[in-house]
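Before any comments, here is the structure.
The values are calculated or read from the model by the stated rules, or taken from the named source; none is laboratory data. Everything numeric in this text was worked out from a predicted model, so none of it was measured. FYI the Cβ positions are ideal-geometry reconstructions off the backbone, even for glycines, and counts take in every protein chain you see.
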Amino acid sequence: MVSNKNNKTKKSGSHDHNHPEPITYFKVAMALVALTALEVVVFYFEWLGYAIIPVMAILSIGKFGIVVMYYMHLKFDEKLLTYVFMSGLILAVVVIMWLMALFGWFN
């Protein structure tokens, strides 16, 4: 019986993840609110013209990264999953920039 009890302890300990406290999620949510407010403020800067596109893209990618890392728990998973996910994001950004250049958005 003792060995059976030890096996249960090992099994429950093997699935132990280091997830953040609820206050961390609240702080992340407040950071996302602040970034969203910054996006709204930047939107009203008419003098930016087409330069608003990369500014908003950078802010959006930052928010995307925060959501993925904390709410999808990639920050606490294996690094390989983070690299795979971020490589898709980088590929998407490169494709969008090439399309913008192709259709003359930077002129």
Looking at the range 16-36, is at least one residue within 21 Å of Thr82 (Cβ to Cβ), modelled with pLDDT under 90, more than 19 Å from the chain's Cα centre (by Cα) and loosely packed, with under 11 Cβ neighbours inside 10 Å?
yes
Determine whether the range 69-79 contains at least one residue that is in a helix (DSSP H, G or I), modelled with pLDDT of 85 or more and either on the phi > 0 side of the Ramachandran plot or of a type outside the set (S, T, N, Q) (or both).
no
Suppose we keep only residues that are in contact with a helix residue (DSSP H, G or I) (Cβ under 9 Å, 6 or more places away or on another chain) and in contact (Cβ under 8 Å) with a residue 24 or more places away in the chain within the range 40-64. Which one would you say is surrounded by the fewest Cβ atoms within 10 Å (Cβ to Cβ)?
Phe64
Among the candidates Ile66, Ile96, Ile52, residue that is within 26 Å of Glu21 (Cα to Cα), of a type outside the set (Asp, Glu) and at pLDDT 85 or above
Ile66
